[in-house]
Amino acid sequence: MLDVSRVQKELADCNKDKAISGVSIDLHGGDGDLSHLAGTISGPVGTPYEGGTFRIDVRLPSGYPFEPPKMQFVTKVWHPNISSQNGAICLDILKDQWSPALTLKTALLSLQALLSAPEPDDPQDAVVAQQYLRDYPMFVATARYWTETFAKRASVGIEEKVQKLVEMGFPEALVRSTLDSVNGDENMALEKLCSG
Amino acid sequence: MAEEEDYASSSDMEEEDMSGFYLSDREEDVLEETVLQGLESQCEEDCHWSVSSVITKESLLAAQKEDLRKVMELLALSEQHARTLLIYYRWDVERIFELLEQKGKERLFSEAGVTIIDKNRATDLLNSSQSVNCNICFEDVSQNAVTEMDCGHSYCNDCWTEHFIVKINDGQSRRIRCMAPKCNAVCDEAIVRTLVSARHPDIADRFDRFLLESYIEDNNKVKWCPSIPHCGNAIRVEGDICCEVECTCGIQFCFSCLSEAHSPCSCQMWELWTKKCQDESETVNWMTVNTKPCPKCHKPVEKNGGCNLVACICGQAFCWLCGGATGRDHTWSNIAGHSCGRFKEDIAKRTERARRDLYRYMHYHNRYKAHTDSLNQESNLKESIQEKISVSESKQSKIKDYSWVTNGLYRLFRSRRVLSYSYPFAFYMFGDELFKDEMTPQERDLKQNLFEDQQQQLEANVEKLSMFLEKEFQTFSDDEVMHTMSHVINLSDVVDKLCKQMYQCIENELLYPLQRATHNIAPYKSKGLERATELSVCWDSDQSLRSMKNNNEGSCARWDLTVNVNGRHSGSRFPGSSSSDESGCSSSTRKRPRRDVAGGAAPFDLNMPPEVIDNGRY
Ligand SMILES: [Zn+2]
Ligand SMILES: [Zn+2]
Ligand SMILES: [Zn+2]
Ligand SMILES: [Zn+2]
Ligand SMILES: [Zn+2]
Ligand SMILES: [Zn+2]
Ligand SMILES: [Zn+2]
């Protein structure tokens with residue numbers, strides 16, 4: 001049911017200008033499954049997220065594009081509208097304001113815009129939202145620290161780590177998803193891969 | 001017999017009603033006159049105005065066409081735009097006209113998602129025959145496989161169809177919005193129907209049913225009958241929607257909360273009361289305060305007497321204050337070898353309060369229960385009384401009319417109902433749970449006395465009426481029958497007036513002065529609960545349409561129409577219209593608007609058994 005030709009066109013279109021837009025999208029695994037994708041967003045300049053690369057898990061329901069894509073931050077991020085626990089996102093266009101005329105690229109760009117302009121009145125993470133409203137400097141410091149810790153380390157070395165683990169004989173798709181699940185920690189990923 | 005003659009009368013009871021109480025003259029014509037008087041006085045109605053009608057599967061379409069037609073005529077809209085508007089504004093025609101005044105046509109329409117097509121633009125597009133790229137599937141499609149919605153957004157038919165199906169399956173049939181981002185326009189229902197039925201006729205049918213049932217689901221004035229199993233009907237109430245109705249399937253219910261008819265309790269009181277009766281929370285409270293589990297066998301042990309050493313039937317002794325096992329040696333204040341230092345008075349106080357609450361609940365519940373039980377027993381009277389009437393009618397006698405018996409019986413049923421529900425009402429009205437801060441204890445005592453005085457009078461007269469109706473009048477001499485008849489007729493009248501007074505007292509003296517809470521009760525209906533009538537829609541409504549148009553020419557005439565439409569008085573809100581005939585109500589938002597019954601409901605004598613009404617009236 002998934003509109004494969006549209007998704008393929010979207011992927012090509014999105015990645016055409018990823019250097020300029022700061023968002024990109026690829027297949028999640030190597031098995032060619034178009035319903036599970038991996039998006040990236042570069043942190044907007046002038047925000048505590050600057051310099052970070054944020055990975056987004058994207059799942060397309062069979063009704064896509066008539067039903068909204070399901071998106072979730074894989075990279076841990078400190079933001080009022082994103083759960084600091086599990087990366088769940090509170091954004092209207094991913095819910096009732098979704099329109100089939102929107103694309104994965106526009107959705108990712110909206111997420112990027114959300115990083116620039118949080119909406120603490122409609123929070124996903126109440127703790128972060130409260131900090132944002134009551135102690136903004138502290139919020140900025142925390143968000144920046146999280147960016148440094150999770151969005152840089154993971155992104156910088158990620159391809160090296162993938163390569164290293166693939167060379168050890170693990171399938172690439174599994175390597176990537178395992179690295180995702182442990183936020184890029186190489187040793188933990190290896191442990192997980194070995195334990196099955 | 002002397003006691004029977006002693007009717008309780010209230011000071012408010014008018015003299016003239018009391019004067020005809022005892023009949024000295026027992027001529028037939030005089031008696032008939034009295035019967036007529038009795039019936040006439042029952043025709044006085046209180047000032048709540050509401051008319052209910054039954055909407056069946058068959059009449060549902062007709063019912064909503066009425067409203068559609070009003071909106072179509074007055075706003076010059078197509079049926080589908082009128083429907084979109086009505087769905088958005090919950091089928092409240094009056095509100096649509098109000099908002100039209102406040103917001104203007106454009107905002108009224110755009111908020112509801114109604115877009116009027118620009119015909120020129122549409123033809124422009126149709127003329128071009130080249131293929132276009134659909135913005136959703138990214139495919140090139142020929143112009144005739146593309147549909148443009150009223151808002152001007154166009155996509156290919158496959159994409160539209162897919163979108164419609166997803167929305168219909170998601171239960172959003174009543175408001176399928178255009179696919180363009182941030183476009184609020186509601187899609188043309190004819191396009192939805194055509195495109196969807198081409199691929200999935202069953203889904204198109206579902207779409208139609210959803211639209212049809214919107215008239216019930218999205219409408220404050222229409223509700224499904226709560227019967228189980230469901231009779232298939234819905235009930236529409238015009239006028240005051242705080243009322244009690246009877247569906248043609250026979251079930252009687254409160255239109256506001258859909259539970260059984262419960263006036264003079266408010267919906268909130270009734271909800272609390274049923275919950276309380278179900279979980280017997282008072283009993284549970286009492287148990288927890290008055291019993292403690294034995295530390296050995298864990299059975300609940302009740303304390304008897306003032307001593308704090310209690311013994312379980314298993315033989316274990318324990319300290320009442322801390323629940324700890326002890327030996328059996330003790331003095332009045334001490335248990336040997338045990339000291340827990342609990343503060344005794346606190347516990348004594350808690351026990352006392354729980355006990356008082358329980359007794360209070362039991363007091364009201366017992367009386368409520370007694371009257372409900374009587375009501376059930378008396379409904380068995382119906383058959384035996386019918387038999388007695390048959391016997392009497394076949395007798396050689398001057399008296400041929402026994403309608404006073406059935407009238408009296410129906411009066412008894414209704415007043416018994418009122419009486420039984422008046423106990424849960426009093427439980428909450430004068431208890432701490434709901435209105436603790438609304439009245440000083442003195443005020444409360446005063447009001448409680450006032451209310452209980454009325455309640456007792458009603459109770460006494462209801463019991464008397466019941467007693468007279470149970471008499472074996474078929475064996476009586478004519479004189480005795482007439483004597484009984486005069487009592488039944490007069491008691492019926494007294495009981496009706498007392499019920500009416502009690503409702504007035506509740507509304508005006510007890511509920512109206514409340515500052516923090518709003519409690520509305522369904523009005524007292526002298527003639528019994530209103531039976532919803534089958535909806536009859538006049539299709540030949542050219543005349544009414546013409547009068548609508550005529551009305552529309554005047555500056556304020558439209559508002560007169562809305563009054564006719566909804567039976568509500570919106571006059572005072574609009575300059576130029578006739579001023580309200582009510583004095584105290586118009587400014588108050590807390591109290592429901594009242595309207596005189598004149599010209600409202602047809603004089604429908606529910607005091608008669610249903611067969612009589614059915615035969616006589618239709
Ligand atoms: Zn298309
Ligand atoms: Zn549109
Ligand atoms: Zn029914
Ligand atoms: Zn109710
Ligand atoms: Zn025991
Ligand atoms: Zn003792
Ligand atoms: Zn103790």
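If we scan segment A:69-83, do we find a residue that is more than 21 Å from A:VAL182 (Cβ to Cβ) and of a type in the set (Ser, Thr, Tyr)? Scanning segment A:69-83 turns up no residue that is more than 21 Å from A:VAL182 (Cβ to Cβ) and of a type in the set (Ser, Thr, Tyr). Do we have any residue at all in segment B:267-288 that's among the hydrophobic types (A, V, I, L, M, F, W, C), in contact with a strand residue (DSSP E or B) (Cβ under 7 Å, 6 or more places away or on another chain) and at pLDDT below 90? Scanning segment B:267-288, I find at least one residue that is among the hydrophobic types (A, V, I, L, M, F, W, C), in contact with a strand residue (DSSP E or B) (Cβ under 7 Å, 6 or more places away or on another chain) and at pLDDT below 90, so the answer is yes. For segment B:423-460, the tally of residues that are in a loop (DSSP other than H, G, I, E, B) and open to solvent by 20 Å² or more (accessible area, probe 1.4 Å) stands at 5. Any residue at all in segment B:154-171 that's at pLDDT below 95, within 14 Å of chain A (Cβ to nearest Cβ) and part of a loop (DSSP other than H, G, I, E, B)? Among the residues of segment B:154-171, at least one is at pLDDT below 95, within 14 Å of chain A (Cβ to nearest Cβ) and part of a loop (DSSP other than H, G, I, E, B), which makes the answer yes. Applying the selection to segment A:57-67, what residues are open to solvent by 40 Å² or more (accessible area, probe 1.4 Å) and within 14 Å of another protein chain (Cβ to nearest Cβ)? Scanning segment A:57-67 gives A:SER62, A:GLU67.
Criterion applied to B:SER415, B:SER420 was being buried (at least 23 other Cβ atoms within 10 Å of the Cβ) and either of a type in the set (Gly, Ala, Ser) or touching a Cys at 6+ places or on another chain (Cβ under 7 Å) (or both), and the one residue passing it is B:SER415.
Of all the residues in segment A:8-18, those that are among the polar types (S, T, N, Q) and more than 14 Å from chain B (Cβ to nearest Cβ) number 1.
Condition check ((1) within 30 Å of B:ILE176 (Cα to Cα); (2) of a type in the set (Phe, Trp, Tyr); (3) outside any loop (DSSP other than H, G, I, E, B)) across all residues:
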residue	(1), (2), (3)
A:ASN86	no, no, no
A:TRP98	yes, yes, no
A:LEU102	yes, no, no
A:LEU108	yes, no, yes
A:GLU119	yes, no, no
A:GLN124	yes, no, no
A:PRO137	no, no, yes
A:GLU148	no, no, yes
A:ALA151	no, no, yes
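Name the residues in segment A:164-178 that are part of a helix (DSSP H, G or I), of a type outside the set (Asp, Glu) and closer than 18 Å to A:ASP33 by Cβ, would you? Scanning segment A:164-178 gives A:ALA173, A:LEU174, A:VAL175, A:ARG176, A:SER177, A:THR178. Within the set B:ARG199, B:ARG177, B:ARG193, the sole residue that is open to solvent by 10 Å² or more (accessible area, probe 1.4 Å), more than 30 Å from B:GLU530 (Cβ to Cβ), among the basic types (Lys, Arg) and within 11 Å of another protein chain (Cβ to nearest Cβ) turns out to be B:ARG177. Screening segment A:70-105 for residues that are in contact (Cβ under 8 Å) with a residue 12 or more places away in the chain and of a type in the set (S, T, N, Q) and picking the one that is nearest to the other protein chains (Cβ to nearest Cβ) gives A:THR103. The residues listed here are B:ALA204, B:ALA261; of these, the one that is over 30 Å from B:ASN169 (Cβ atoms) and modelled with pLDDT of 90 or more is B:ALA261. Number of residues in segment B:329-359 that are modelled with pLDDT under 70 and either outside any strand (DSSP E or B) or open to solvent by less than 40 Å² (accessible area, probe 1.4 Å) (or both): the value is 18.
Taking segment B:139-153 as the range and being facing chain A (nearest Cβ under 10 Å) and either of a type in the set (Lys, Arg) or under 52 Å from the mean Cα position of the chain (by Cα) (or both) as the test, only B:HIS153 passes.
Taking the criterion of being basic (Lys, Arg), within 19 Å of A:LEU174 (Cβ to Cβ) and in contact with a helix residue (DSSP H, G or I) (Cβ under 8 Å, 6 or more places away or on another chain), would at least one residue in segment A:56-63 satisfy it? Checked against the condition, which is being basic (Lys, Arg), within 19 Å of A:LEU174 (Cβ to Cβ) and in contact with a helix residue (DSSP H, G or I) (Cβ under 8 Å, 6 or more places away or on another chain), segment A:56-63 yields no hits at all. None of B:ILE228, B:ILE191, B:ILE235 is in contact with a strand residue (DSSP E or B) (Cβ under 7 Å, 6 or more places away or on another chain) and not in a strand (DSSP E or B) except B:ILE191.
Does segment A:124-144 hold any residues that are within 18 Å of the chain's Cα centre (by Cα) and not aliphatic (A, V, I, L, M), and which are they? If the condition is that a residue be within 18 Å of the chain's Cα centre (by Cα) and not aliphatic (A, V, I, L, M), then A:GLN124, A:ASP125, A:ARG144 are the ones that fit. Examine segment B:132-153 for a residue that is touching an Asp or Glu at 6+ places or on another chain (Cβ under 6 Å), surrounded by 15 or more Cβ atoms within 10 Å (Cβ to Cβ) and small (Gly, Ala, Ser), and state whether such a residue exists. No, the conditions are met nowhere in segment B:132-153. Pick from A:SER5, A:SER35, A:SER42, A:SER21: which is hydroxyl-bearing (Ser, Thr, Tyr) and within 14 Å of another protein chain (Cβ to nearest Cβ)? On inspection, the qualifying residue turns out to be A:SER5.
The residue that is nearest to B:LEU510 (Cα to Cα), counting only those in segment B:266-275 that are more than 8 Å from ligand 4 (Cβ to nearest atom) and open to solvent by less than 50 Å² (accessible area, probe 1.4 Å), is B:MET269. Scanning segment B:393-412 for residues that are open to solvent by 30 Å² or more (accessible area, probe 1.4 Å) and part of a loop (DSSP other than H, G, I, E, B), we see that the one that is farthest from B:LEU465 (Cα to Cα) is B:GLN396. Of all residues in segment A:1-56, those that are in contact with a strand residue (DSSP E or B) (Cβ under 7 Å, 6 or more places away or on another chain), crowded, with 18+ Cβ neighbours inside 10 Å and closer than 30 Å to A:ALA141 by Cβ total 12.
Going through segment B:217-240 one residue at a time, which ones are β-branched (Val, Ile, Thr) and surrounded by fewer than 20 Cβ atoms within 10 Å (Cβ to Cβ)? Of everything in segment B:217-240, just one residue is β-branched (Val, Ile, Thr) and surrounded by fewer than 20 Cβ atoms within 10 Å (Cβ to Cβ), namely B:ILE228.
The values are calculated or read from the model by the stated rules, or taken from the named source; none is laboratory data. Computed from a predicted structure; not experimentally measured. Using ideal geometry, Cβ is built from the backbone for each residue, glycine included, and neighbour counts are taken over all protein chains shown. Just the protein is used for accessible areas: all its heavy atoms, side chains included, with ligands, DNA and RNA removed. Shrake-Rupley method; radii C 1.70, N 1.55, O 1.52, S 1.80 Å.
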